[in-house]
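Read the figures in this text as sums done on the coordinates, not as results from a lab. The structure presented is a predicted model; accordingly, all values stated were derived computationally and were not measured. Every residue, glycine as well, gets a Cβ built from its backbone with ideal geometry; the counts of neighbours run over all protein chains shown.
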């Protein structure tokens, strides 16, 4: 059974924008989704954005990240939900306000919240 590793989120944030893996070569970082918030589009935009901020948790701390365009479809098709575990490769920080989670892969089953997340 998959379990959360405390501190993996901090390691991912420290290795942001690099290609170094914070886990073994055959493993991905496991985090839990504890929040999904729609990103508001700007006033200047004529078309609505379908972007989301996802709050990820590693049983010790949590952070908000954005998803790539490919991974945003995972939310729109209801494939990613609260309490699900996700595997991800790394974080990329292209532009503020939050980093982008790269290669998000949800694990099918929902799990109870683990620990108490600090924002």
Exercise for the section: Would you mind ranking 88, 13 so that the residue whose beta carbon has the fewest other beta carbons within 10 Å leads the list? Expected result: 13, 88
Practice task
At 7 Å along the Cα-to-beta-carbon direction for both residue 81 and residue 109, put a label point, then send me their distance in nm to one decimal.
Solution key: 1.4
Exercise for the section: Answer rounded, prolate or oblate for segment 59-100, using the Cα gyration tensor with square roots of eigenvalues a ≥ b ≥ c: rounded when a/c is under 1.5, else prolate when a/b is larger than b/c, else oblate. Expected result: oblate
